[in-house]
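Note sheet for the following structure.
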Amino acid sequence: MHLKSTSTSPHHRLAAHAWLLSLLLLLGACATQRPAAEFNYQPPDQPEAASGYVEKSGWQTRKFAVAAANPLATDAGYQVLKAGGSAIDAAIAVQMVLTLVEPQSSGIGGGAFLMHWDGKRTEAYDGRETAPAAADERLFLKPDGTPMSFIEGVVGGRSVGTPGVLRMLEQAHKEHGKLPWAQLFEPAIRLAEQGFKLSPRLHTLLSGEKHLGQDGTAAGYFLLPDGKVPELGTVMRNPALAAVLRQVASKGADAFYRGPIARDIAAKVRNHSSNPGRLSEKDLADYKPKKREPLCTDWRRYRLCGFPPPSSGHIAIAQMLGILEQATPVGSPLTNGLPSDEVLHNYTEAARLAFADRGMYVADPDFVAPPAGSWRSLLSEAYLLERASLIGPQSMKIAKPGQPRGTSLAWAPQPEQPERGTSHISIVDAEGRAIAMTTTIEDQFGSRQMVNGGTGLAGGFLLNNQLTDFSFAPADATTGQPIANRVQPGKRPRSSMSPTLVFDKASGELLMSAGSPGGALIIHYTAKTLLGTLAWGLNAQQAINLPNFGSNNGPTLLEAKRFPLTTVEALKSRGHEVREQDMTSGLQALQRNAEGWFGGADPRREGVVAGD
C-alpha cells in the first residue's frame with residue numbers, strides 16, 4: 001500500500017507519514033486476526049489521519065475485500081469477513097461503526113439503499129426514510145406560501161423522516177446473514193465504550209459547523225463546555241450509543257422502532273422549540289423496508305445494476321452513458337491523464353439532459369407513475385438517440401425535459417435545491433457475494449438533533465434531515481402543476497444515491513461494486529468511476545483519483561485546481577459557464593482482476609480497503 005501527500009509542507013508530509021504508519025499498524029492488526037467460526041472482535045490500533053487530499057494507489061486482495069469511509073469501519077467489516085461472515089454481515093458491522101466514527105454522514109438515525117448479489121441474483125433493499133403520516137405538501141412552506149430556505153427547513157424536527165436503515169439491514173440479514181445478528185454490533189459497542197480518536201475529517205467539519213451546538217445533547221457530546229471543538233485525536237466515548245446498540249443487538253430492530261428509543265426520537269422531533277416536526281411513535285412502529293426490482297441496463301459489454309426510483313441515480317447514469325455512446329469524441333478521452341475538453345463538453349451536455357428528466361419525472365414509484373408506464377421509457381435506445389441529437393458544438397446551458405413516446409406531461413419540473421451528506425460501502429465476501437450500499441442522514445450532521453435513546457447517558461445518534469430531499473414547493477408557482485417529488489404522507493423522498501454492481505453481460509460474472517456520497521453529485525462521481533474503469537482502461541483507484549466534473553443542468557462544474565486553464569478556456573469557448581469548486585466525493589470501488597479484487601478509496605476522504 002502506498003499513500004503520498006500532495007502537499008509539500010513539512011506539516012503535511014509528517015501528517016501523511018503518521019497516517020501511513022497508523023494504517024500499516026491497523027492493517028497489521030487485521031492480518032493477525034485468526035480465522036474463527038465465532039466472531040471475536042479485537043479493536044485495532046487507531047489511526048490519527050492526515051486531513052486533505054492524500055494520494056492512494058489502491059489495495060490488491062485475493063479472496064474478499066471491504067471498502068468503507070473510515071479505517072475503523074473498514075476494519076470491523078474485515079474482521080467479520082475473516083470470521084466467515086457474509087457481505088451482509090460485514091455491511092452491518094461497518095454501518096454501526098460509521099454511526100459512531102462518521103456521524104456527520106450516516107447512521108442508525110438515517111436510511112440506505114443496498115444492492116446485493118448472492119451469486120445468482122441481484123436484489124435491491126430499500127431502507128429509505130419515509131415522510132410522517134401527519135406530513136403534507138405544505139411542510140416546507142412559510143405562512144405566506146413561499147418555500148423556506150434550505151437551512152430553515154433542515155435544522156430542527158421538521159426535516160426528520162422515519163429512519164429505515166436498521167429495519168432494512170435486519171431484513172437483509174435474515175435472508176443472507178451467516179453470523180449471529182448480535183455479534184455484528186460488537187465492534188461499534190466496544191469502540192463506543194472504549195473510545196475512538198477524533199479524526200481529521202470529523203474535526204474539520206465540527207470546526208465549521210454553525211448549528212449543531214444549538215442542540216443540548218449534541219453540544220454535550222461533540223463540543224467542550226466552552227463550546228469549542230475538542231483537539232484532533234481526542235478520545236471520544238459514546239456510552240449512550242453503546243447502550244442503544246446493545247438493545248438492538250439483543251432484541252432486534254424492534255428495540256429501536258418501539259419502546260423508549262422510539263419515544264425519545266419522536267419527542268425530540270415533535271418538541272423542538274422553534275422548528276418542530278411531525279414524526280410519531282406510530283410512524284416508527286409502522287416503518288417497513290421494501291425489496292424492489294433492481295434496474296439493470298446493458299452498456300457496451302457490461303450489465304450495470306443500480307437502484308430504481310425513488311433513487312434517480314441509476315436512471316441518470318444510464319441515460320448519460322447511453323447518450324455518450326451517440327456522441328463519442330474523436331481521439332483519446334484522456335489528455336495528459338485528464339478528461340479532454342471534448343469529453344467534458346459531451347459529458348456535461350448529456351448530464352444536463354439527464355438531470356432535466358430527473359427533475360421532471362423521478363419520485364417514489366408508490367406515489368408517482370413512471371412516464372409511459374415504465375422507467376425504461378427514459379432509457380430506450382430511440383429516446384436516448386433523440387436526446388443525444390440535441391448535443392451540438394455549443395453548450396445548451398439549461399436543457400428541457402424530454403417526453404418519451406406515450407407520455408402525458410402531468411408534472412412540473414422540480415427547481416434545484418441542495419442535496420448533501422452520505423457514505424458508501426462496497427464489500428465482496430469469500431463466497432463471491434457482494435454488496436454496494438449507499439447510506440445517509442442527508443446534510444452533514446443531519447437535522448442537528450441528537451437523541452440518547454432514553455438512556456440518560458452522554459452521546460447518542462443523530463437524526464436525519466431526509467425530508468428536505470423532497471421539493472419544498474409542492475407545485476409550479478406559475479402553472480399550478482404539481483411536482484412529482486413533493487411531500488406526501490408515507491412517501492420516500494427522491495434520492496441521488498447510486499450503489500452500483502457491474503457484471504459481464506455475456507458470462508454474468510460480477511466485475512465491480514461502486515458508489516459514492518456527495519448529494520446530487522453522487523451521480524457524476526459514480527459515472528466518472530464507471531467511465532474510467534469500463535471505458536478508459538483505468539483501475540478503480542486511478543478512476544477514483546481523476547478530477548471530478550459534472551453539471552446538474554446549470555453551470556459546468558469542475559473540481560477546483562485540478563484542470564489546466566486551457567481546458568477551462570476551451571469549455572468557455574463552447575459557451576459553458578464554468579464553475580470551479582470543491583467536489584468532495586467519497587468513492588469506494590472493488591474491481592475484479594486477474595489476482596482477485598482490486599480496491600480503491602477516495603483520496604478526498606479517509607476511506608481505506610482491507611481484505612485477504
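Any read-out appearing in this document is the output of simple, stated calculations on the displayed coordinates, not a laboratory observation. Since this is a predicted model, take the numbers as computed values, not measurements. All Cβ positions, even for glycine, are placed from backbone atoms using ideal geometry, and neighbour counts span all protein chains on display.
The charge dipole of the chain, taken about the Cα centre with unit charges on the Cβ atoms of Lys, Arg (+1) and Asp, Glu (-1), comes to about 320 debye, rounded to the nearest 20.
Once you reduce segment 499-516 and segment 127-160 to the center of their Cα atoms, the two points are 37 Å from each other. Summarising the overall dimensions of segment 385-451 from its C-alpha atoms, the Rg and Dmax are 20.0, 53 angstrom. When the inverse distances between all different Cα atoms of segment 451-535 are averaged and flipped, the Kirkwood radius reads 16.8 angstrom.
Residue ranges 276-285, 210-219, 121-130 sort as 121-130, 276-285, 210-219 when ordered by packing (mean number of other C-beta atoms within 10 Å per residue, highest first). Residues CYS296, CYS305, ranked from the fewest to the most other C-beta atoms within 10 Å, line up as CYS296, CYS305. Rounded to the nearest 20 debye, the dipole magnitude of segment 481-532 is 380 debye, with +1 charges on Lys and Arg beta carbons, -1 on Asp and Glu beta carbons, and the Cα centre as origin. As a proxy for reagent exposure, MET497, MET360 were ordered by neighbouring Cβ count within 10 angstrom, fewest first; the result is MET360, MET497.
Treating each Cα of segment 247-351 as one equal point scatterer and applying the Debye formula with no solvent, the log10 of I(q)/I(0) at q = 0.17, 0.19 Å⁻¹ comes out as -0.86, -0.97.
Using only the Cα atoms of segment 107-187, construct the convex hull and provide its projected area averaged over every direction, in square nanometres to one decimal.
7.9 nm²
Segment LEU390..ASP504, full-extension length gain: 38.0 nm, with 0.36 nm per residue of separation and the alpha-carbon distance subtracted.
FRET efficiency for the pair ARG405 and ALA594, taken as 1/(1 + (r/R0)^6) with r the Cβ-Cβ distance and R0 = 60 Å, rounds to 0.85.
Start at zero, step by 10 Å, and the Cα-Cα distances of segment 445-589 spread as 10, 25, 28, 25, 11, 1, 0 percent across the bins. In terms of distances greater than 32 angstrom between alpha carbons, the cross-link table entries LYS288/LYS397; LYS491/LYS528; LYS63/LYS291 yield LYS288/LYS397.
Based on alpha-carbon positions alone, could you give the equivalent ellipsoid semi-axes of segment 84-126 from the gyration tensor, as √(5λ), descending, whole Å?
22, 13, 6
The three principal axes of the C-alpha atoms in the chain carry coordinate ranges of 59, 57, 49 Å, sorted with the longest axis first. Each 5 Å bin from zero holds the following percent of Cα-Cα pairs in segment 201-315: 2, 9, 12, 12, 12, 15, 15, 11, 7, 4, 1, 0. Of the two radii for segment 505-610, the radius of gyration is 1.02 times the Kirkwood radius, both from the alpha carbons; that is the Rg over Rh value.
Roughly how many nanometres apart are two label points built 7 Å out from the Cα toward the Cβ at GLU193 and GLU416? Going by the 7 Å Cα→Cβ label model, 4.9 nm.
Scaled against 2.2 N^0.38 Å for its residue count N, the alpha carbon radius of gyration of segment 117-276 is 1.24. Computed per residue of the chain from DSSP H runs no shorter than four, each worth -39500 (n - 2.57), the mean residue ellipticity at 222 nm is -9500 deg cm²/dmol.
In segment 118-259, with Lys and Arg counted as +1 and Asp and Glu as -1 at Cβ, which of these residues, GLY153, HIS176, LEU212, has the Cα nearest the positive end of the dipole, that is, farthest along it? The Cα lying farthest towards the positive end belongs to HIS176. Size descriptors for segment 215-281, from the alpha-carbon set: Rg then Dmax equal 14.8, 38 Å. Which is farthest toward the positive dipole end of the chain among THR61, LEU379, PRO333, measuring Cα position about the Cα centre, with Cβ charges +1 (Lys, Arg) and -1 (Asp, Glu)? After comparing all options, I get LEU379. Annotation: extensible slack from GLN481 through ALA458 equals 3.5 nm (criterion: 0.36 nm per residue apart, minus Cα-Cα distance). Shown here is the pair-distance distribution of segment 266-425: with all Cα-Cα distances grouped in 5 Å bins from zero up to the longest one, the shares run 1, 8, 14, 16, 17, 15, 10, 7, 5, 4, 3, 1, 0 percent. Taking the Cα centre of segment 104-148 as reference, the dipole from Cβ charges on Lys and Arg (+1) and Asp and Glu (-1) amounts to some 100 debye. Extension gain, SER274 to ARG562, is 99.4 nm, computed as 0.36 nm per intervening residue step minus the present C-alpha separation. Calculated from the alpha-carbon coordinates, segment 290-366 shows an Rg and a Dmax of 14.4, 47 Å respectively.
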